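Any read-out appearing in this document is the output of simple, stated calculations on the displayed coordinates, not a laboratory observation. Predicted, not measured: the structure shown is a model, and the values here were computed from it. Don't worry about glycine lacking a Cβ; one is built from the backbone with ideal geometry, like all the others, and counts go over all protein chains shown.
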């Protein structure tokens, strides 16, 4: 097996474990801000996983998916942080 | 399974970048689960979003540039976007957490901590 | 004329480059589309753009970017070592209050982004009456050291850039 394939396998396993850990933190809190922080980490890890998938398959189509995940992660985290701050999103 | 094949030196460069980047992201998430108080936990995911992301994006750029024989830079957009948005979300989240603070969260707040004004 | 159609030339230039990078092309059709986007988007967005004195002194901006890059790499390694538990006993986190001389809102926003994007430091809040910021540090050994870092490493350059 080539070094790249080894690295890809390791990267997938590490990112999968990281996503599981952030899901654990999302579920067990303990407070709302912990859940939001963990959700943001989950988004970043998911984006990195999609980027590594793009390297594995050798197609650039995954780039758009990663960009969309990054955008949605930003918007949702900002909305949730705003909600935590004031109790409403739009004022 | 893998798409285009690339020379061995490039495989090693991409492999090292991938493993170090995802390793940093994994470490950041470990910190998220291991630290005791909320404000300590807020420091850990910055690892994923700064160097971890940068290394993986660099790996992607090197791979597609070598495989396609032309400069592929549009992954840089992700890097720029994530670098610019992460501090914004984190400062907002830190402010929200500070406004909702409780001593039972495990953080030692400064003694004269009064409610910060809300217009910045 | 120029002011009317291109109120924010730097934003327009960025949008132009962004469109071309996103499409990975230098096709004439895409050049035209990018030009349309670069002209129309700032015009539509201009009611929402606060009018502020922008940044100048390109040399100082580049210097600041270099410093921030070095700090991000260094603090990444430091925080990774803390998480690995290499020096768990001595690590103590805490808040630091720092009085700032910056007045420009853009400069304050830039400082907040710089501090937060380094792992290990976090901008928590800013009190405009007392002109004090609240900083959370993961590895707090000496409060004065962090005051010096913020004041002399970042604030001095930001004053030069924005004021």
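Compared with the dominant principal axis of the Cα atoms in chain C, helix C:28-45 is inclined by about 70°. Comparing mean-square fluctuations of C:35, C:80, C:107 from a GNM of chain C with C-alpha springs under 10 Å, the top value falls on C:35.
Largest GNM mean-square fluctuation across C:29, C:38, C:109, computed for chain C with C-alpha springs under 10 Å, falls on C:29.
Geometric descriptor of the range C:99-163, per residue, is 75 Å³ (volume of the convex hull of the Cα atoms).
Sorting the Cα pairs of the range A:27-91 by distance into bins of 5 Å, from 0 upward, gives 4, 18, 21, 18, 15, 11, 8, 4, 2, 0 percent per bin. Looking at chain C, the pairs of alpha carbons with a distance over 22 Å make up 57% of the total. Roughly how crowded by other chains is peptide B:52-59, in terms of the mean Cβ count from those chains within 10 Å of each of its Cβ atoms? So the per-residue partner count for this stretch is 5. To the nearest 10 degrees, how steep is helix A:62-86 against the longest Cα principal axis of chain A, on a 0 to 90 scale? The angle comes out at about 20 degrees. Considering only A:43, A:28, A:62, the Gaussian network model of chain A with Cα springs below 10 Å gives its largest mean-square fluctuation to A:28.
Reducing the range A:1-42 and the range C:108-127 to their Cα centroids gives an inter-centroid distance of 25 Å.
Relative contact order of the range C:2-48: 52 percent, from C-alpha pairs under 8 Å at least 6 residues apart in sequence.
From the Kirkwood radius over Cα pairs of the range C:2-48, Stokes-Einstein at 20 °C and 1.002 mPa s returns a whole-number translational diffusion coefficient of 199 µm²/s. In units of the compact-protein estimate 2.2 N^0.38 Å, the protein assembly as shown shows a Cα radius of gyration of 1.02.
The fewest-to-most ranking of A:82, C:99 by surrounding Cβ atoms within 10 Å reads C:99, A:82. By other beta-carbon atoms within 10 Å, ranking A:1, A:47, A:72, B:51 with the fewest at the front produces A:1, A:72, B:51, A:47. Considering only C-alpha atoms, what is the centroid distance from the range C:1-48 to the range B:69-83, in Å? Cα centroid of the range C:1-48 versus Cα centroid of the range B:69-83: 19 Å apart.
Sorted largest first, the principal axis extents computed over the alpha-carbon atoms of the range B:1-74 equal 48, 21, 20 Å. Among C:95, C:126, a tally of other beta-carbon atoms within 10 Å of each Cβ gives an order, fewest to most, of C:95, C:126.
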